[in-house]
Amino acid sequence: MSEKKEFHNDSVVLDIHDRPKLGHWVGLSLQHLFTMFGATVLVPILVGIDPGIALVSSGLGTLVYLFTTKGKIPAYLGSSFAFIAAMQMLMKTDGYPAIAQGAITTGLVYLIVALIIKKIGAAWLDRILPPIVVGPVIMVIGLGLAANAANNAMYNNGDYDFKYIAVALITLGLTIFFNMFLRGFLGLIPILLGIVSGYIVALLFGIVDTQPIADAAWFALPNFEIPFVQYEPKLYLGAITTMAPIAFVTMTEHIGHLMVLNKLTRRNFFEEPGLHKTLMGDGLAQIVAAFVGGPPVTSYGENIGVLAITRVHSVFVIGGAAFFAVILGFVGKLSALILSIPGPVISGISFILFGVIAASGMKILIENKVDFDKKKNLLIAAVILVVGIGGLVFQVGTFTLSAMALATVLGIILNLILPETSRSEEN
């Protein structure tokens, strides 16, 4: 009996297992790298992690994901925005070792869920994380960071600075322009272009210190944070309880990206290689990132946009982008250049990125036609939004739930225990 012939999508330029010519391979891979570059390095800048490490962990994480999913899914993994608030808080208290432990925990959550899904299927996820929970939680991720972006745009060492806010607003305006009016490849990298142009504006305003760039070596090891080498691990219970619940939020993003990829590639990745494999790949990538000193990683919508526009779906191109990301992480002058980007430039970009995250949560509610005339839906959304944005923290001894995590937990609990209709709605 002959084996079933593997499906090949002839409507695209390069299908998943098509290998491009060497010259094209380099160009197409660099395109993916530059598309995710701005957002991926923004996360470590906001948290206080070496951007070079973020590039290395992004590349390594993507290679681990490709290996785990048997090279069947063209997905690039970059720094996750969902953990920014939690990482900022942990960095101020216990430093990166706490972040690493939290990131390893989120990876383990992914692996546990992957094993459960392999055993019993994925239907239970829809019950725990329906749109009425996921939408407001994603809104909280964006809006909870809004105050930080505004403060960094206004204050220079605690004093209101007109230069700062001018640079932030000009950067914002330029990035909006790039988003709206550029086409082709340039239209895919508005964040990167916004950072570059904002940096030039900041240079003109005299708020950039370029001396560290001149002093940096071309080749330099990133500031790796490897357990038992750079630090002695210990238990950070607060980091675990703060970051672990957020894993359920990023899982929904992961699943959403897979849905888009299914449509683009004319395949069903939930069946082959299976949702358990994709979650396992993402979880292992997060653990690898934590062991080298990077932030947690996740699949990137920017790179899915590249797939859609170029119709190049080759995993070889994705793997090439991951390889180049690792290489760039060892370019010392590049890391110094990234670190020299002033706060107002990052804030100008953040106004869009954080707002887009919040708007994505709203989009989920709209697309799923969530009925806010139902009291259950209204109450769940109200609690998640106010607890998350208001910054309510639950702490008992060393046990801590951040506002983001607490909002997620409360949303899940309310969705499970509240009846579909209230007594007053039954009449």
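The values are calculated or read from the model by the stated rules, or taken from the named source; none is laboratory data. Keep in mind that this is a model prediction, so the values were computed, not measured. Because the Cβ atoms are built from the backbone with ideal geometry, glycine has one as well, and the counts that use them run over all protein chains shown. Ligands, DNA and RNA are stripped out before the accessible areas are found, and what is left, the full protein with its side chains, is counted by its heavy atoms. Shrake-Rupley method; radii C 1.70, N 1.55, O 1.52, S 1.80 Å.
Condition (residue is of a type in the set (F, W, Y) and open to solvent by 10 Å² or more (accessible area, probe 1.4 Å)) applied to the range 79-87: is it met by at least one residue? Walk me through it before giving the result.
Of the residues in the range 79-87, the ones of a type in the set (F, W, Y) are 81, 83.
Still in the list and also open to solvent by 10 Å² or more (accessible area, probe 1.4 Å): 81.
The answer is yes, given that some residue of the range 79-87 is of a type in the set (F, W, Y) and open to solvent by 10 Å² or more (accessible area, probe 1.4 Å).
Going through the range 196-215 one residue at a time, which ones are β-branched (V, I, T) and either open to solvent by less than 60 Å² (accessible area, probe 1.4 Å) or in a loop (DSSP other than H, G, I, E, B) (or both)?
Looking only at the range 196-215, we keep the residues that are β-branched (V, I, T), and these are 196, 200-201, 207-208, 210, 213.
Those that are β-branched (V, I, T) and either open to solvent by less than 60 Å² (accessible area, probe 1.4 Å) or in a loop (DSSP other than H, G, I, E, B) (or both): V201, I207, V208, T210, I213.
Regarding A244, is this residue open to solvent by 40 Å² or more (accessible area, probe 1.4 Å) and of a type in the set (G, A, S)?
Numbers: open to solvent by 40 Å² or more (accessible area, probe 1.4 Å): no; of a type in the set (G, A, S): yes.
Here the answer is no, as A244 does not meet what is asked.
Considering only residues that are open to solvent by 40 Å² or more (accessible area, probe 1.4 Å) and either out of contact with any strand residue (DSSP E or B) (no Cβ under 7 Å at 6 or more places or on another chain) or not in a helix (DSSP H, G or I) (or both), which ones fall in the range 149-164?
N151, N152, Y155, N156, N157, G158, D159, Y160, F162, K163
Looking at (1) open to solvent by 30 Å² or more (accessible area, probe 1.4 Å); (2) at pLDDT below 90; (3) part of a helix (DSSP H, G or I); (4) not acidic (D, E), can you tell me which one F177 breaks?
Unmet condition: (2).
Looking at E225, E232, which is the one that is surrounded by 14 or more Cβ atoms within 10 Å (Cβ to Cβ) and acidic (D, E)? Please lay out each step first, then the result.
Numbers: E232 fails: surrounded by 14 or more Cβ atoms within 10 Å (Cβ to Cβ).
It is E225.
Scanning for something aliphatic (A, V, I, L, M), open to solvent by 10 Å² or more (accessible area, probe 1.4 Å), more than 22 Å from the chain's Cα centre (by Cα) and on the phi < 0 side of the Ramachandran plot, does the range 316-327 turn up at least one residue?
Narrowing the range 316-327 to residues aliphatic (A, V, I, L, M): 317-318, 321-322, 325-327.
With the extra rule that they be open to solvent by 10 Å² or more (accessible area, probe 1.4 Å), the set shrinks to 326-327.
Now drop any that are not more than 22 Å from the chain's Cα centre (by Cα), which leaves none.
No: zero hits.
Out of the residues in the range 113-132 that are without any contact (Cβ under 8 Å) to a residue 40 or more places away in the chain and among the small types (G, A, S), state the one that is most open to solvent (accessible area, probe 1.4 Å).
Within the range 113-132, the first condition is being without any contact (Cβ under 8 Å) to a residue 40 or more places away in the chain, and the residues that meet it are 116, 119-121, 123-124, 126.
Retained after the next criterion (residues that are among the small types (G, A, S)): 121, 123.
Numbers: G121: 25, A123: 79 Å².
Result: A123.
Considering only residues that are open to solvent by 30 Å² or more (accessible area, probe 1.4 Å) and touching a residue at least 24 places away in the same chain (Cβ under 8 Å), which ones fall in the range 137-148? Even if it seems obvious, please write down each step before you answer.
Applying the first criterion (open to solvent by 30 Å² or more (accessible area, probe 1.4 Å)) to the range 137-148 yields 143-144, 146-148.
Those that are open to solvent by 30 Å² or more (accessible area, probe 1.4 Å) and touching a residue at least 24 places away in the same chain (Cβ under 8 Å): L143, G144, A146, N148.
Quick test of your reading of the structure: L115 fulfils all but one of (1) assigned to a loop (DSSP other than H, G, I, E, B); (2) over 19 Å from the mean Cα position of the chain (by Cα); (3) aliphatic (A, V, I, L, M). Name the failing condition by number.
The number of the failed condition is (1).
L264: within 20 Å of M36 (Cβ to Cβ), modelled with pLDDT under 90, buried (at least 20 other Cβ atoms within 10 Å of the Cβ) and over 15 Å from the mean Cα position of the chain (by Cα), yes or no? Spell out how you get there, then give the answer.
Numbers: within 20 Å of M36 (Cβ to Cβ): yes; modelled with pLDDT under 90: yes; buried (at least 20 other Cβ atoms within 10 Å of the Cβ): no; over 15 Å from the mean Cα position of the chain (by Cα): yes.
Judged against the criteria, L264 is not a match.
What residue, of L30, L60, L55, is part of a helix (DSSP H, G or I), open to solvent by less than 10 Å² (accessible area, probe 1.4 Å) and within 26 Å of V317 (Cα to Cα)?
L55
Here is a check on your reading of the model: is A85 closer than 28 Å to Y199 by Cβ and in contact (Cβ under 8 Å) with a residue 40 or more places away in the chain? Explain how you work it out, then say what you get.
Numbers: closer than 28 Å to Y199 by Cβ: yes; in contact (Cβ under 8 Å) with a residue 40 or more places away in the chain: yes.
So A85 passes the test.
Of all residues in the range 366-392, which are closer than 14 Å to N415 by Cβ, modelled with pLDDT of 90 or more and touching a Pro at 6+ places or on another chain (Cβ under 6 Å)?
Within the range 366-392, V370, A381, I384 meet the criteria.
Looking at (1) in contact with a strand residue (DSSP E or B) (Cβ under 9 Å, 6 or more places away or on another chain); (2) outside any helix (DSSP H, G or I); (3) open to solvent by 20 Å² or more (accessible area, probe 1.4 Å), which is the only condition P295 fails?
(3) is the only condition that P295 fails.
Residue-by-condition table, conditions (1) open to solvent by less than 70 Å² (accessible area, probe 1.4 Å); (2) out of contact with any strand residue (DSSP E or B) (no Cβ under 6 Å at 6 or more places or on another chain); (3) among the small types (G, A, S); (4) at pLDDT 85 or above:
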| site | (1), (2), (3), (4) |
| --- | --- |
| L186 | no, yes, no, no |
| G194 | yes, yes, yes, yes |
| A217 | yes, yes, yes, yes |
| A220 | yes, yes, yes, no |
| Y236 | yes, yes, no, yes |
